[in-house]
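**Student:** Before we start, here is the structure in question, set down as structure tokens.
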């Protein structure tokens, strides 16, 4: 049995996912760390002095405070991965499994089958989707910034 029986997995979608995850982790840390710094130790002490335990602190105080930052970071990572082109182009050169590569493949064709209209429509959908994600990210960041002051 050979590990290359179905081709090299790195050049397929399941190989692309760990690569994307690897370069997304530092961005999530950079986005989420300020929210963690905004949690004050006094809130934990207040929970304990009122008879609450660790579960109550994370369920009713820290969780709701960190949720907007977490979901905002997740939206930002989605927009970053969705619009990334270079990583996918380097690993999966001829495949059309993600939107940015599909747009590139419909613009350029070696046999004359280029479809600039379809590429334009896909690009418009991509721009609208990223705009929606960024608006949601801004709303969540405003909500998070109230607690960081």
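The numbers here are math on the coordinates, done by the rules we state, and not lab data. Everything quoted here is computed from the prediction, not taken from an experiment. Cβ atoms come from the backbone with ideal geometry, glycine included; neighbour counts cover every protein chain shown.
**Student:** Give the calculated FRET efficiency between residue 80 and residue 40 to the nearest 0.05, with a Förster radius of 35 Å applied to their Cβ-Cβ distance. Mind dumping the intermediate values first?
**Tutor:** Working: r = 30 Å, r/R0 = 0.86.
It comes to 0.70.
**Student:** What nm distance separates the two modelled labels at residue 129 and residue 25, each placed 7 Å from Cα along Cα→Cβ?
**Tutor:** Rounded to a tenth, the inter-label distance reads 2.6 nm.
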